[in-house]
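First the structure, in the form of structure tokens, and then the observations on it.
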Amino acid sequence: MNHQQCREVFYRLVSPSLPNEWEVDDALLPLSQLHQQQQEMLLAQVPVIWPISHSLCLYFIEYGVGALTLLKPHHLAPWVRAILGAYEIGGLHGARPLISDVRRTFLEPLEADGEVSLADISSHLSLFVSGVAGHSMQVAGDLLAHTDTTTIFLPERMNQFSTRPVNRLAYTLLVVLHQRFCAQGTLDAQPDSIAAGGAESDSSRSKEIVEPLPVIRFFNSFSHPVLAADLYLLFETARAMRWIHHELVGLSRQLAERSHEFMAHFSHTTMHTPATLLGEAATAILFGHQPVTQGAIHLCRMAATNHSAADSITAVADGYRLVADLSAPYERPFVLAFVGELAFAKAAGERERQRLQRRHRFISELAGLLARQIEPEEKMEGVRGRDASAAPPLVLLPADKEGKRRVLSSDNESRLLPEELARLAAAIEADLGSMPESYLSAAAGLAGGGISGDNGQGEDGATSERDNVLVLDEWDYRRSGYRLNWCQVREKPVESIRSNFVAAVLARRQAMILNLRRQFEQLRTDQRFSGRQSDGVDLDLDAVVEARCDFRAGISPSENLFVRLLRNDRDIATIVLVDMSSSTEGWIGTVLKEALVVLGEAFDTVGDQFGIYGFSGMRRSRCEIFTIKRLTESYSEEVRERLGAISAREYTRLGPAVRWAARLMKTVEARTRLLLILTDGKPEDYDDYKGEYAIEDSRKALQEARGDGLHTFGITVDQQSHDYLPHLFGEGNYIFVDDLAKLPHRLVEMYRLLTS
Amino acid sequence: MGLKQQRIEEHHITIEPFYLPLGSEIDIGLAAYGRQLPLLLKGPTGCGKTRFMHYLAWRLKRPLITVSCHDDLSTSDLVGRYLIKGSDTIWADGPLTRAVRAGGICYLDEIVEARKDTTVVIHPLGDDRRELPIDKRGEILRAPAEFMLAVSYNPGYQSVLKDLKPSTRQRFVSLNFSYPDPEREALIVVRESGIDEGFANRLVKLGAMTRGLKESGLPEGASTRLLIQTALLVQNGIEIKKACNAGIVQSLSDDSDIIEALGEMVEAVF
Ligand SMILES: Nc1ncnc2c1ncn2[C@@H]1O[C@H](COP(=O)(O)OP(=O)(O)O)[C@@H](O)[C@H]1O
Ligand SMILES: [Mg+2]
């Protein structure tokens, strides 16, 4: 392609943007010198990079030319991923070297050192560590390895060791070590109470986090706090390694086999500084190498006798005395930097965050349980004082013989906690020692119902929980990975408005609705007989007669003489997700609402479970779900009024809405679960949720939903284009309605076809 | 639908099945039998429910008739039906009827898999009437004292709360089964497969790790049964990691990330 052609292609790729001609011309100049194939390779990346940064993209086209001669085709994707990653961290400045000096910044680390990048293995490394932990844990990238107890952070790249298998093994080792730090209580060290000689007191645990944490204060009391912290890290690493040797024999064996390759990297000097002593002890502990220096031998011996985090804390002072009299400034040894650091504050913060989350969930779920007008399970006689004024408003009873938990309210009515809630209660008790009274009274207060006792403390938790934030990941196709905890989805009620909208629709569409009722009633009669079966509920007379005739005629008669009742219980639950973005302005008020009213009648006739939810919002921090009809709610007058009140809102971030609905569906029991999506165009949000990114995320969300066993189906009235539909919904999983007036009819017809 | 009419004696269990008790389930099971109460066993697949029933039947010296429930199971499949043989019609008892007549134990495995209209036939058997109506023959069978009804279900993948009506549920004595603790699970693996204890311990460790992926996309981890099968492969000379791959990793998932993670667990444990 000559310069002019390259330019045309480029403008087409970035449309509808119209970048400055002179900028583009400069950037494209080197490109026009290349072979067609190479030109195409570079240009193919434009749609990936342009939406992230225009200047990065221009720089990439201009200077990426040089890189092409060095890169092999399979490098291209990881290279672009690395560039985007560097851009996200360090901006244009951070990303440039990866483009202009690809050999040194990308290829050498990759090829010469057998580099392993975390992005390539994080998805199964997190599964692996979840297995080791026995519960779900995440893996993410950061400079130094550390953990906040739910996520283990590891370096983005591992290239210190000379071969790929060793770098890979290093990741496994680190992830297990940090999981152990969570599991063996390394991050819970409470040196204050230990120093006081007493057992751990509960009061210190439930106290608000004050800075700095006792353990940090403890390290700060040494003149080299980092050395003290490293001694603790060393001792705790030794405990973790003992566990590995005992429990993960395979990993232990692999480490032994690769020991010399690890050792080659952590060389020793003959100088005796605290750092070299700790380094020698650490390599000995990690890779089974024999320590030779007296100080290191001592440290290893000390490490071998610690059996708890408290032991290790106590040993810090001894260790410090042993090494610190070699007075020298302390700089962390390589090998301990490799192990990483103990992020006490982060872990405490995470613990606090989880504690709050548990509190919110417990209060709101318990309140929900109390508020539901169910018959109390049973009257409990004389379990506590009958005097309601003296008794606390709610009592959480300990588990009974079957492990069931109940709450007892002041009027001596007990309610069974659902399993989920009982587990939550157990987690809270495990964390805090017992169930705080304030949680129970807050739930009672929130539930209202005359059970008073709310001290106001639970109020904040209750209200923020009431708008129910769900944090979801979002798919970024450019890096083939999820952006973790990216979107916040809130559920909001739709205020019902008294209007005669529904009545008017029902009147206007009377004929259609009658017809539809007949059709759907047929679906409801859900039994059909099938004849000539080898067995069944009754004889198939025709077949019997025929068989007799055959028998008389000397032909061996058929034995398939039964009718069998085939029952297809319609066990269907459907969620209808309605696009309430501003682009629906023109039709949402009329045709769409009308279609929903008609569909509602159909659902109601056939008796299927259904929910109707609108979605809209702006930016990832405010994705909103509007509840029009809950799945569990009956199709009441109020629901009909809410239908009448649907109106156009903001943008269309489809992915989070689909994920939200899929989550909701997980709680639904039905043999067939269907997600119907009604939209008027491509997914799009105010931020960079546009174009391919938006389509790919939405597509991914739909795939996830199908992975969860849902059926998904899209109905769209996009007037402009619909070439993206097969890609988004999957072939055969959508329809396009070009005549708006037909929407009510098509929608219902589609539902009938899908479910019969 | 060739309904094999096994003679009832063939369901007698004559050799003591190996069953390692994990709690007081044997005592409760025997007590329930003594009091003519039906049993409900719940727990994940492969954790010993069926084995427990075998053991109980052996202890009680009653024949055991097991029916695996599924979607298409009809009332006739349980109670019985007329069959046509040549030009005659003959009545054939279903397994439930046979168990009632013989005073045996009828074990309906995975009861939630059966449709509700099928399982209603067990209702009058499950309460103190203890009778089985055979509509087609206009007959009502009263269960002898030796008869016992037992059902199982796996709460993991389908909650039965809605399927078994609370009124039904509450007639059953419930036994909750879960995977044994590591020591006992290893003991079971050793007994069932004959491999050495150290190896069994590691298999059990691996099993526990797979069960940690519950929230991460693997709803059911390796069952005791899978561990035993893997151990048997090893006993037959298959190399350990290959056996784990065939017996556990590939049996649990088709997802490539999960398979890779499980593979890494195997590498870490062995
Ligand atoms: N407590 C136990 N005692 C002896 N064997 C057991 C025990 N638990 C599990 N097993 C072994 O596990 C296998 C699977 O158990 P099984 O009873 O078939 O599971 P399920 O719960 O699915 O019915 C059994 O064949 C047996 O080898
Ligand atoms: Mg079984």
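The values are calculated or read from the model by the stated rules, or taken from the named source; none is laboratory data. Source: prediction; values computed, not measured. Positions of Cβ are generated from backbone atoms using ideal geometry, with glycine treated the same way; all protein chains shown enter the neighbour counts.
Listed here are the residues, each with its yes/no results for (1) within 16 Å of ligand 2 (Cβ to nearest atom); (2) closer than 18 Å to B:LEU262 by Cβ.
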| residue | (1), (2) |
| --- | --- |
| B:SER178 | yes, no |
| B:ASP181 | no, no |
| B:ALA186 | no, no |
| B:GLU192 | yes, no |
| B:ALA200 | no, no |
| B:LEU206 | no, yes |
| B:MET209 | no, yes |
| B:LEU213 | no, yes |
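When you go through A:ASP148, A:ASP142, A:ASP202 one by one, which is the residue that is modelled with pLDDT under 90 and among the acidic types (Asp, Glu)?
Being modelled with pLDDT under 90 and among the acidic types (Asp, Glu) holds for just one of A:ASP148, A:ASP142, A:ASP202, which is A:ASP202.
Can you go through A:LEU251, A:LEU227 and tell me which one is in the same structural domain as A:GLU280 (by TED's automatic domain parsing), more than 30 Å from A:ARG355 (Cα to Cα) and touching a Phe, Trp or Tyr at 6+ places or on another chain (Cβ under 7 Å)?
So the residue among A:LEU251, A:LEU227 that is in the same structural domain as A:GLU280 (by TED's automatic domain parsing), more than 30 Å from A:ARG355 (Cα to Cα) and touching a Phe, Trp or Tyr at 6+ places or on another chain (Cβ under 7 Å) is A:LEU227.
Do you know which residues across the stretch B:140-157 are modelled with pLDDT under 90 and either buried (at least 19 other Cβ atoms within 10 Å of the Cβ) or more than 14 Å from chain A (Cβ to nearest Cβ) (or both)?
Matches in the stretch B:140-157: B:TYR153, B:ASN154.
Can you tell me which residue is surrounded by the most Cβ atoms within 10 Å (Cβ to Cβ) among those in the stretch B:237-266 that are more than 16 Å from B:GLY212 (Cβ to Cβ) and acidic (Asp, Glu)?
So the residue we want is B:GLU239.
Consider A:GLU637 against the criteria (1) charged (D, E, K, R); (2) closer than 22 Å to A:VAL748 by Cα; (3) touching a residue at least 60 places away in the same chain (Cβ under 8 Å): it satisfies all of them except one. Which criterion is unmet?
The number of the failed condition is (3).
Search the stretch B:14-30 for residues being more than 14 Å from ligand 1 (Cβ to nearest atom) and within 14 Å of chain A (Cβ to nearest Cβ), and hand back the single one that is surrounded by the most Cβ atoms within 10 Å (Cβ to Cβ).
The selected residue is B:ILE28.
State the number of residues belonging to the stretch A:650-679 that are charged (D, E, K, R), surrounded by fewer than 21 Cβ atoms within 10 Å (Cβ to Cβ) and in a loop (DSSP other than H, G, I, E, B).
3
For residues in the stretch B:215-225 being surrounded by fewer than 20 Cβ atoms within 10 Å (Cβ to Cβ) and within 22 Å of the chain's Cα centre (by Cα), which is farthest from the other protein chains (Cβ to nearest Cβ)?
B:ARG225
When B:LYS42 is evaluated against the numbered criteria (1) within 12 Å of chain A (Cβ to nearest Cβ); (2) away from ligand 1 (no atom under 13 Å from the Cβ), which criterion, by number, is the only one it fails?
Answer for B:LYS42: the failing condition is (2).
Could you check, for the stretch B:70-93, whether at least one of its residues is within 15 Å of ligand 1 (Cβ to nearest atom), touching a residue at least 24 places away in the same chain (Cβ under 8 Å) and either touching a Phe, Trp or Tyr at 6+ places or on another chain (Cβ under 7 Å) or on the phi > 0 side of the Ramachandran plot (or both)?
Within the stretch B:70-93, not a single residue is within 15 Å of ligand 1 (Cβ to nearest atom), touching a residue at least 24 places away in the same chain (Cβ under 8 Å) and either touching a Phe, Trp or Tyr at 6+ places or on another chain (Cβ under 7 Å) or on the phi > 0 side of the Ramachandran plot (or both).
Within the stretch B:17-70, track down each residue that is of a type in the set (S, T, N, Q) and either more than 14 Å from ligand 2 (Cβ to nearest atom) or closer than 22 Å to B:LEU187 by Cβ (or both).
Hits for the stretch B:17-70 are B:SER24, B:GLN36, B:THR45, B:THR50.
Applying the selection to the stretch B:242-264, what residues are in contact (Cβ under 8 Å) with a residue 12 or more places away in the chain and of a type in the set (Gly, Ala, Ser)?
Result: B:ALA243, B:ALA246, B:GLY247, B:SER251, B:SER253, B:ALA261, B:GLY263.
Of everything in the stretch A:133-147, what is in a loop (DSSP other than H, G, I, E, B) and within 14 Å of another protein chain (Cβ to nearest Cβ)? Give them in sequence order.
The answer is A:GLY134, A:HIS135, A:SER136, A:MET137.
Would you please list the contacts, defined by Cβ atoms under 7 Å and residues six or more apart or on different chains, that run from a residue in the stretch A:689-705 that is touching a residue at least 12 places away in the same chain (Cβ under 8 Å) to a residue that is buried (at least 17 other Cβ atoms within 10 Å of the Cβ) and β-branched (Val, Ile, Thr)?
Correct list of pairs: A:SER698/A:VAL658; A:ALA701/A:VAL658; A:LEU702/A:VAL658; A:LEU702/A:THR712; A:ALA705/A:VAL658; A:ALA705/A:THR712.
Kindly check whether there is at least one residue in the stretch A:623-633 that is buried (at least 22 other Cβ atoms within 10 Å of the Cβ) and either of a type in the set (Gly, Ala, Ser) or over 13 Å from A:VAL578 (Cα atoms) (or both).
Within the stretch A:623-633, one or more residues are buried (at least 22 other Cβ atoms within 10 Å of the Cβ) and either of a type in the set (Gly, Ala, Ser) or over 13 Å from A:VAL578 (Cα atoms) (or both).
Check A:LEU84, A:LEU107, A:LEU92 and return the single one that is more than 30 Å from B:SER253 (Cβ to Cβ), touching a His at 6+ places or on another chain (Cβ under 9 Å) and part of a helix (DSSP H, G or I).
A:LEU107
Could you look through the stretch B:194-241, keep only residues that are without any contact (Cβ under 8 Å) to a residue 60 or more places away in the chain, closer than 18 Å to B:THR45 by Cα and of a type in the set (Ser, Thr, Tyr), and pick out the one that is nearest to ligand 1 (Cβ to nearest atom)?
In this case the residue turns out to be B:THR230.
Scan the stretch B:190-204 for residues that are surrounded by fewer than 24 Cβ atoms within 10 Å (Cβ to Cβ) and either within 13 Å of chain A (Cβ to nearest Cβ) or assigned to a helix (DSSP H, G or I) (or both) and jot them down.
B:VAL190, B:ARG191, B:GLU192, B:SER193, B:GLU197, B:GLY198, B:PHE199, B:ASN201, B:ARG202
Answer with yes or no whether B:GLY207 is modelled with pLDDT under 95 and more than 8 Å from every other protein chain (Cβ to nearest Cβ).
So B:GLY207 fails the test.
Within the stretch B:63-72, track down each residue that is crowded, with 19+ Cβ neighbours inside 10 Å and over 17 Å from B:GLY104 (Cβ atoms).
B:CYS69
If only one of B:GLY103, B:GLY48 is more than 16 Å from ligand 1 (Cβ to nearest atom) and either in the same structural domain as B:PRO155 (by TED's automatic domain parsing) or touching a residue at least 12 places away in the same chain (Cβ under 8 Å) (or both), which one is it?
Step by step, each of B:GLY103, B:GLY48 is checked, and only B:GLY103 is more than 16 Å from ligand 1 (Cβ to nearest atom) and either in the same structural domain as B:PRO155 (by TED's automatic domain parsing) or touching a residue at least 12 places away in the same chain (Cβ under 8 Å) (or both).
For the stretch B:158-177, check the following and say yes or no: at least one residue is at pLDDT 80 or above, away from chain A (no Cβ under 14 Å) and within 11 Å of ligand 1 (Cβ to nearest atom).
no
Of the residues that sit in the stretch A:115-129 and are facing chain B (nearest Cβ under 7 Å) and within 14 Å of the chain's Cα centre (by Cα), which one is surrounded by the fewest Cβ atoms within 10 Å (Cβ to Cβ)?
A:SER123
Hey, can you tell me all the residues within the stretch A:426-440 that are surrounded by 15 or more Cβ atoms within 10 Å (Cβ to Cβ) and of a type in the set (S, T, N, Q)?
A:SER438
Consider the stretch B:51-69. How many of its residues are farther than 29 Å from A:VAL537 by Cα and away from ligand 1 (no atom under 13 Å from the Cβ)?
4
So is B:THR230 assigned to a helix (DSSP H, G or I) and within 26 Å of A:ARG663 (Cβ to Cβ) or not?
So B:THR230 fails the test.
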